[in-house]
Amino acid sequence: MTSIADRVPSERRSPGRQPNWVRIGGLPDSVHVSLSFRGDALKPSVLTGALRCQPSSAHQRGDKGPNRGKEDSWGTGYWSLDAGPWRREEISVAIERVLRMAKCDVTTLRRLARTFDGRLSCGVSTERWNRCFEISSITLERIAKRGLGLIVDIYAQGPELVDVVGRPRKKTRSRGGKT
């Protein structure tokens with residue numbers, strides 16, 4: 001069996017030293033998946049009953065609350081279910097988990113998705129280059145059967161720099177004593 005050093009051309013090898021390899025590839029550092037619905041006529045209590053699970057976040061059109069950083073009325077209804085916190089795992093695993101959390105049948109979910117712009121939102125965060133993920137054909141088929149859209153946002157930074165709605169937070173840097 002040959003070692004890694006044996007595969008480096010001899011002219012590029014230092015005598016008695018192993019080559020300095022860069023680690024690449026592997027899973028993204030963390031992923032986050034949510035199932036969400038939007039619509040002017042959306043009533044969170046109706047979706048909660050139909051999906052037979054509690055949302056992670058919900059409001060109806062006209063409700064007061066923080067909207068884009070200020071206290072305001074929401075312009076449309078919204079219902080969202082998170083698969084869990086950001087974590088390192090296969091994205092298909094998180095998608096399957098959130099689909100199982102909605103305890104309704106496929107027909108009900110398809111009807112809700114058509115009526116209220118149903119979608120799966122997937123955040124993928126990586127701090128190193130050349131990370132990849134796969135959404136299996138079985139998972140894609142399950143998403144399609146339910147009539148859900150699929151959004152994938154890729155962040156090239158840690159999840160602690162991403163806010164709760166998936167937008168990158170601004171980094172603050174000190175330059176010459178100023179922030």
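Just a few scattered comments:
- Taking the criterion of being at pLDDT 85 or above and acidic (D, E), the only residue of segment 44-71 that qualifies is D63.
- Output for segment 98-127, where each listed residue is over 17 Å from T48 (Cα atoms) and surrounded by fewer than 17 Cβ atoms within 10 Å (Cβ to Cβ): E127
- Annotation: of all residues in segment 105-149 being in contact (Cβ under 8 Å) with a residue 60 or more places away in the chain and hydroxyl-bearing (S, T, Y), the one that is nearest to V31 (Cα to Cα) is S125.
- V98 being at pLDDT 90 or above and touching a Ser or Thr at 6+ places or on another chain (Cβ under 8 Å): yes
- Considering segment 128-155, and only residues there that are surrounded by 14 or more Cβ atoms within 10 Å (Cβ to Cβ) and over 18 Å from V93 (Cα atoms), the residue that is modelled with the highest pLDDT turns out to be G147.
- Here the strands (runs of 3 or more DSSP E) wholly within segment 27-91 that include at least 3 residues being buried (at least 18 other Cβ atoms within 10 Å of the Cβ) and on the phi < 0 side of the Ramachandran plot are 30-39, 77-82.
- Against the test of being among the acidic types (D, E), closer than 28 Å to A156 by Cβ and in a helix (DSSP H, G or I), the options E96, E134 yield a single qualifying residue, E96.
- Pairs, first touching a residue at least 24 places away in the same chain (Cβ under 8 Å) and over 16 Å from D117 (Cα atoms) in segment 70-98, second polar (S, T, N, Q) and outside any strand (DSSP E or B), C-beta under 6 Å, six or more apart: D82/S56; S92/S136; S92/T139; I95/T139
The values are calculated or read from the model by the stated rules, or taken from the named source; none is laboratory data. As the structure is a computational prediction, the values presented were derived from the model and not from experiment. Because the Cβ atoms are built from the backbone with ideal geometry, glycine has one as well, and the counts that use them run over all protein chains shown.
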